[in-house]
Amino acid sequence: MSQPPFEYRTVDMTDEEFAAEQAVYGGLTDALRRLNEVSLRTTVDHATIAETTRAVEAITARLETEMIPANFGVVVTNNGRVRGYGNSVVGLRNPIAPPLSIVQDRVKGGASSEFFLNALYEGPPGKVHGGVLALVLDQIFGEAAAAGGTPGMTGTLTLRYRKPTALGACSASAWVDSSAGIKTIVKGELRDADGDVTVEAEGLFILPRWAREQLAESGETPPQYE
C-alpha cells in the first residue's frame, strides 16, 4: 500500500492538553507575528535596534535548546484534533502564516475565510504580493475540495488578477464546481475590503494514490458534483 508523501503521526493527548498547548504556543506565535511586523515598520534609532537584536538572539538561543528534528508534519491527537502547526497559511505555530481561519461547508462542498494581510505581505506599494494571494487561495481551494468529500493535492491552479488587492482586510470563497473520479475542479474568488473581486481562480485537485487505496479498503466512494 502506498504511503502519504509526508510525515503523518498520531499522538496521545487529551482535549485539555490540546487546549493548553494551543493557548501557550498560539500566544508565542502571535507575539512573533507582531514582532515581525514591528521589525519592518520600526523607526527607532540604531542603538536601540542593536540592543534589541542582542535580546532577540538570546531568546532564540534559549528556545533552540530543545527542538523537533525538522519540519512539523501532520500530527493528529487520538481524539481527532489536527495539529497542523507548520502550515504556512493556517499554522498555529508558524509566524509567517497570516493566519487564516477557514470555514468549511460540508453540505455544498466549499470553504471561505475572512483575514487581514498586513505590510509583511506587500508586493507593489500598498498592495498584496500576487504570490501571497496564490498561496492563500491554494489553501482555501484545497479545504473546499476536502469539504466536498473529494480531498486532493493541487494539480493546477490558474489565477486571473482582475485588479490589485490592497493590503488590509480581505475575504475569499471557494466551491466544488465538478468532480469525476479522482479529479475535482474548484472555483473561487478573492475580494478586498470594499467587497470588490480582485482575483478569480480555478484549481484542479487530484486524489493521490495512497488516499485512493485507503478509500478502496474502507469501501467509501467520493461524492460526485456536477
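The values are calculated or read from the model by the stated rules, or taken from the named source; none is laboratory data. What you see is a predicted model; the values in this text were computed from it and never measured. Here the Cβ is made from the backbone with ideal geometry for all residues, glycine too, and neighbour counts use every protein chain on show.
Just one of the listed residues (Gly155, Gly168, Gly181, Gly203) is surrounded by 17 or more Cβ atoms within 10 Å (Cβ to Cβ) and either assigned by TED's automatic domain parsing to the domain that holds Arg106 or under 15 Å from Val89 (Cβ atoms) (or both), namely Gly203. Is there a residue being exposed (fewer than 15 other Cβ atoms within 10 Å of the Cβ), within 24 Å of Ser171 (Cα to Cα), out of contact with any strand residue (DSSP E or B) (no Cβ under 7 Å at 6 or more places or on another chain) and modelled with pLDDT under 95 anywhere in the stretch 92-107? Yes, there is a match, as at least one residue in the stretch 92-107 is exposed (fewer than 15 other Cβ atoms within 10 Å of the Cβ), within 24 Å of Ser171 (Cα to Cα), out of contact with any strand residue (DSSP E or B) (no Cβ under 7 Å at 6 or more places or on another chain) and modelled with pLDDT under 95.
Take Thr60 and tell me if it is loosely packed, with under 10 Cβ neighbours inside 10 Å, under 26 Å from Glu122 (Cβ atoms) and out of contact with any Leu (no Cβ under 9 Å at 6 or more places or on another chain). For Thr60, the condition - loosely packed, with under 10 Cβ neighbours inside 10 Å, under 26 Å from Glu122 (Cβ atoms) and out of contact with any Leu (no Cβ under 9 Å at 6 or more places or on another chain) - is met.
Filtered by the rule that a residue be among the aliphatic types (A, V, I, L, M), within 18 Å of Leu190 (Cα to Cα) and under 10 Å from the mean Cα position of the chain (by Cα), the stretch 59-118 gives Val89, Val90, Ala97, Leu100, Ile102.
Would you check if there is a residue in the stretch 66-79 being within 27 Å of Tyr121 (Cα to Cα), of a type outside the set (Asp, Glu), modelled with pLDDT of 95 or more and not in a strand (DSSP E or B)? Within the stretch 66-79 (the criterion being within 27 Å of Tyr121 (Cα to Cα), of a type outside the set (Asp, Glu), modelled with pLDDT of 95 or more and not in a strand (DSSP E or B)), the answer is no, since none of the residues qualifies. Of all residue pairs spaced 6 or more apart or on separate chains, those with beta-carbon atoms under 9 Å, a first member in the stretch 98-126 that is basic (Lys, Arg) and a second member that is part of a loop (DSSP other than H, G, I, E, B) and surrounded by 20 or more Cβ atoms within 10 Å (Cβ to Cβ) are Arg106/Gly148; Lys108/Gly148. Among residues of the stretch 60-79 that are within 26 Å of Thr14 (Cβ to Cβ) and in the same structural domain as Tyr25 (by TED's automatic domain parsing), those with a Cβ under 9 angstrom from a residue that is acidic (Asp, Glu) and assigned to a loop (DSSP other than H, G, I, E, B), sequence gap 6+ or separate chain, pair up as Asn71/Glu7; Phe72/Glu7; Gly73/Glu7; Val74/Glu7; Val75/Glu7; Thr77/Asp12; Asn78/Asp12.
Only a single item in (1) more than 27 Å from Leu120 (Cα to Cα); (2) of a type outside the set (Ser, Thr, Tyr); (3) not in a helix (DSSP H, G or I) is not met by Phe18, and it is number (3). The set of residues in the stretch 125-143 being in contact with a helix residue (DSSP H, G or I) (Cβ under 8 Å, 6 or more places away or on another chain) and either hydrophobic (A, V, I, L, M, F, W, C) or part of a helix (DSSP H, G or I) (or both) consists of Val128, Val132. Taking residues in the stretch 10-34 that are farther than 10 Å from Leu92 by Cβ, and partners anywhere that are polar (S, T, N, Q), the pairs with Cβ atoms closer than 6 Å and at least 6 places apart or on different chains are Val11/Thr77; Asp12/Asn78; Met13/Thr77; Asp15/Asn79; Phe18/Thr77. Hey, among the residues in the stretch 39-49 that are without any contact (Cβ under 8 Å) to a residue 24 or more places away in the chain and surrounded by 10 or more Cβ atoms within 10 Å (Cβ to Cβ), which one's nearest to Ile96 (Cα to Cα)? My answer is Ser39.
Flag: Thr52 does not match the condition of being outside any helix (DSSP H, G or I), among the hydroxyl-bearing types (Ser, Thr, Tyr) and either surrounded by 11 or more Cβ atoms within 10 Å (Cβ to Cβ) or touching an Asp or Glu at 6+ places or on another chain (Cβ under 9 Å) (or both). The selection criterion, being in contact with a strand residue (DSSP E or B) (Cβ under 8 Å, 6 or more places away or on another chain) and either at pLDDT 95 or above or surrounded by fewer than 21 Cβ atoms within 10 Å (Cβ to Cβ) (or both), holds for Ala146.
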